[in-house]
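Undergrad: First, the structure itself, so that you have it in front of you.
The values are calculated or read from the model by the stated rules, or taken from the named source; none is laboratory data. Worth saying up front: this structure is predicted, and the values here are computed from it rather than measured. Here the Cβ positions follow ideal geometry from the backbone for every residue, glycine too, while neighbour counts run over all protein chains shown. Surface accessibility is based on the protein's heavy atoms, side chains included, excluding ligands, DNA and RNA. Shrake-Rupley method; radii C 1.70, N 1.55, O 1.52, S 1.80 Å.
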Amino acid sequence: MIQNRKSVTVNGRTYAWPETPLVVVCCDGSEAAYMERARRQGLMPHLDAMTAKGESRLGLSAMPSFTNPNNLSIVTGRPPAVHGICGNYLIDPETGREVMMNDPRWLRAPTIFAAFQKAGAKVAVVTAKDKLRLLLGKGLVFDGSAVCFSSEKADKATLADNGIEDARRLTGLPVPDVYSAELSEFVFAAGVELLKSMKPDLMYLSTTDYIQHKHAPGTPRANDFYAMMDRYLGALDALGAIVVIVADHGMKDKHLANGEPDVIFLQDVLDTRFGAGKTKVILPITDPYVVHHGALGSFATVYLYGPEASDVLAFIASQPGIDVVLGRQEGSARFELPEDRMGDLIVVSGGKTHSKVIGTSRDKHDLSGLTEPLRSHGGLSEQEIPIIVNRKTQGLAGTLRNFDAFAIGCNHIAAGREKAA
């Protein structure tokens, strides 16, 4: 529990100052089965040692179970209803235009990093894709006490914008391809070097789910990824950090037996029933990196331009593979979403096999990049995530959420915890 130490309050939660560096790792798309299968095959000995002296639990992500909403939940300690980031893509309520939500202006709450830096902390943030970097770094002042950069654009990092000049120098690794496991390895390698040299009070390492989109738990490529991750987790642990490992969401097979995506093209279905231009389906998974998911996920929001909400709701609910259809107010309350940034209806798919995904119109999705059967996320079945700590905890009760990660590391490390090396 919180000891008699300096503390920081942000977004209504109070965080005790960590006595040793606190590293929170967000392993993108990492349902618990990935680590479980790799550990059973003896590929994660460092994680085995960490859990033996610490804890391994299951928790839930925020909804929708997509990358941006959950990363921002983790770093603000609150769900999307508070921080405002409810996807990668939305209709701007002020202009009516469809836009990406990767601009910091969409973030409504300060990050834990910014609050700690203002209180005198040193902060390091490394993310795989640059789409997250500006959001995660909002409020940070690059005055020597903060670093924030992405693997994707490590060579473009500057002191003024990132707190570091050409981040390649940290690791000696080349800038990885954005569609590669190496993009995540760069994150881990940079984290280890920053922990050695900068000794930040708080560090956040956020990977990419490229491997998880393409390879199921226990497969050779997945196991290789988690063996790589294990080496770096061992290094972070050996340097004396408190390490909290979570995921932003899980990942499930989203394909039929023949390998084709199990998709309902909801805009086509609605146009046939209610007429063109009467509804608008928005897919919050949409982002610039569609090669591995084709903008197909298990969460959508629907805007109505004429039809009665009850009629459209009942029609969507009758479609195979639809788990939940709710009106804006009820859906926003249930899933802790910002009501003003949602459509008239909120739709979650999955079905009995958890495989159903939602598309807009068939001709709007380029699926040429799906060289393996589709794996994706966004629904309720991808909410379950691992929560692993390399120290014993105390005072944790109820259902844990991934956005409890910093609170766990700051407030719930049991007395007698190990000192920093």
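Undergrad: Residue by residue through segment 119-145, note down the ones that are within 25 Å of residue 12 (Cα to Cα) and in contact with a strand residue (DSSP E or B) (Cβ under 8 Å, 6 or more places away or on another chain).
TA: Initial filter on segment 119-145 (within 25 Å of residue 12 (Cα to Cα)): 119-125, 132-141, 145.
Across segment 119-145, the qualifying residues are 119, 121, 122, 123, 124, 125, 132, 133, 136, 137, 140, 145.
Undergrad: Here is a further query. Residues in segment 215-229 that are part of a helix (DSSP H, G or I) and more than 25 Å from residue 201 (Cβ to Cβ): how many? Write out each step before concluding.
TA: To start, the set of residues in segment 215-229 that are part of a helix (DSSP H, G or I) comprises 220-229.
Okay, now just the ones that are also more than 25 Å from residue 201 (Cβ to Cβ), so 220-228.
Adding up the residues that qualify gives 9.
Undergrad: Just checking, how many residues over segment 368-377 are of a type outside the set (Asp, Glu) and closer than 15 Å to residue 256 by Cα? Walk me through it before giving the result.
TA: Initial filter on segment 368-377 (of a type outside the set (Asp, Glu)): 368-371, 373-377.
From what is left, the residues that are closer than 15 Å to residue 256 by Cα are 370-371, 373-376.
Result for segment 368-377: 6.
Undergrad: Does segment 110-132 hold any residues that are modelled with pLDDT under 95 and of a type in the set (D, E, K, R), and which are they?
TA: Step one: list which residues in segment 110-132 are modelled with pLDDT under 95, which gives 129-132.
If the condition is that a residue be modelled with pLDDT under 95 and of a type in the set (D, E, K, R), then 129, 130, 131 are the ones that fit.
Undergrad: Hey, among 80, 64, which residue is in contact with a Cys (Cβ under 6 Å, 6 or more places away or on another chain), surrounded by 24 or more Cβ atoms within 10 Å (Cβ to Cβ) and either farther than 20 Å from residue 30 by Cα or not basic (Lys, Arg) (or both)?
TA: Details: 64 fails: in contact with a Cys (Cβ under 6 Å, 6 or more places away or on another chain).
The conditions single out 80.
Undergrad: Then there's this: Looking only at strands (runs of 3 or more DSSP E) that lie completely in segment 299-362, which have at least 3 residues being on the phi > 0 side of the Ramachandran plot and of a type in the set (Val, Ile, Thr)?
TA: Values: elements: 299-304, 322-327, 345-349, 357-359.
Once the strands (runs of 3 or more DSSP E) in segment 299-362 are filtered for at least 3 residues that are on the phi > 0 side of the Ramachandran plot and of a type in the set (Val, Ile, Thr), nothing remains.
For (1) open to solvent by less than 20 Å² (accessible area, probe 1.4 Å); (2) within 21 Å of residue 213 (Cα to Cα); (3) at pLDDT 95 or above, each residue gets a yes or a no:
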{"position": "308", "(1), (2), (3)": "no, no, yes"}
{"position": "330", "(1), (2), (3)": "no, no, yes"}
{"position": "370", "(1), (2), (3)": "no, yes, no"}
{"position": "385", "(1), (2), (3)": "yes, yes, yes"}
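Undergrad: Which fully enclosed strands (runs of 3 or more DSSP E) of segment 1-42 have 3 or more residues being within 23 Å of the chain's Cα centre (by Cα) and in contact (Cβ under 8 Å) with a residue 12 or more places away in the chain? Outline the logic, then answer.
TA: Details: elements: 7-10, 13-16, 22-26.
Counting at least 3 such residues, we get 13-16, 22-26.
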